[in-house]
Amino acid sequence: MQWFEEWFDTPYYHILYSNRDYQEAENFLNLLTGFLKLEKNSTIIDLACGKGRHSVYLNKLGYNVLGLDLSEQSISYDKQFENDALKFRVHDMRNRIETEPVDAVFNLFTSFGYFETEEEDKSVFRSVSDALKNEGYFVLDFLNAEYVKSVITPKATVEKENITFNIKKHIEGEYILKEIDFEDQGKQFHFFERVKLTSPERILKFADEFGFELIQRWGDYQLNDFDEKSSQRCINLFRKR
Ligand SMILES: C[S@@+](CC[C@H](N)C(=O)[O-])C[C@H]1O[C@@H](n2cnc3c(N)ncnc32)[C@H](O)[C@@H]1O
């Protein structure tokens, strides 16, 4: 089993990240949807939707939303939010999405770069392109590799729900590795996250190969311009040609 199939499906992943910023996510979506000016009945796929924070809010804004994630635990949690215009499904982003062509696909909060091979990375672009209408939008909200390399904190301790998570980060080849060690009920656990530090140029190369044009690149959730040295994020807005 790959690390991302296991770790994201454990309760510990959700405990460690229980302070996810819903307000920041909503402000970002207000700005993003304001920029895109999608019609209210448009359909958006939230690819790797996790616990549904973006899907639920996009639906509140009036869009039809399909949230997809590999984690069965997350999707069964998300099902409580379903309505006629909001659906959730277990889906591996490397595979073709069974859908009518949609207006936009959002992949948010570093939900890319988990795979070993370039073929797998490309399969995400292929499946997004196949799911979109012509001129549909693809938003890939990824980390800024240069920035991440420059600010890496090798060690940290996080206390959550009486669990002490010991976190170590280091760069290994083209990946950033985050090792997570903790004890719960007398048992030791070890997990890790491994994200390929895909450069903006490489992202652009994949996008170009699958028929996308880069419309805009922002450097943070306030939609400030991207700067490779100082931006925390690399938020790419592509349009299918
Ligand atoms: C960093 S979380 C982001 C979740 C969500 N977008 C958010 O901002 O709250 C990454 C998500 O990607 C999902 N994921 C990992 N590998 C996946 C895959 N191959 N296909 C679909 N989802 C995947 C995980 O289960 C997890 O929910």
Regarding segment 148-194, what whole-number volume in Å³ per residue does the convex hull of its Cα atoms give?
70
If the limit is 31 Å between Cα atoms, which of 40/178; 51/240; 37/169 go over it?
40/178; 37/169
Explain nothing, just the number: dipole magnitude of the chain about its Cα centre with +1 on each Lys and Arg Cβ and -1 on each Asp and Glu Cβ, in debye rounded to the nearest 20.
400
Quick test of the membrane-span-like rule: which DSSP H helices of the chain reach at least 15 Å along their long axis (C-alpha atoms) with mean Kyte hydropathy at least -1.0?
22-36
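Give, as a single signed number, the net charge of other residues whose beta carbon lies under 11 Å from the beta carbon of residue 120, with Lys and Arg counted +1 and Asp and Glu -1.
Here the count lands on -1.
Tell me, what is the FRET efficiency for residue 166 and residue 35 to the nearest 0.05, using R0 = 45 angstrom and their Cβ-Cβ distance as r?
Values: r = 40 Å, r/R0 = 0.89.
Result of the calculation: an efficiency of 0.65.
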Potential extension, residue 60-residue 199 segment - 0.36 nm per residue separation minus Cα distance
46.7 nm
Report D for the chain in µm² per second (integer): Stokes-Einstein, Kirkwood Rh on Cα pairs, 20 °C, 1.002 mPa s.
116
Could you calculate the FRET efficiency of residue 225 with residue 130 from 1/(1 + (r/R0)^6), where r is the beta carbon distance between them and R0 is 25 Å, rounded to 0.05?
0.25
Pulled fully out, how much extra length does the chain show between residue 99 and residue 23, if you take 0.36 nm times their separation in residues and subtract their Cα-Cα distance?
24.4 nm
Just to verify a number: FRET efficiency for residue 119 and residue 76, C-beta to C-beta distance, R0 = 30 Å, to 0.05?
0.50
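None of the figures in this text is laboratory data; all of them are computed from the coordinates on show. The shown structure was predicted, so the numbers you read here are calculated from the model rather than taken from an experiment. For neighbour counting, all protein chains shown are included, and Cβ atoms are generated from backbone atoms with ideal geometry for every residue, glycine included.
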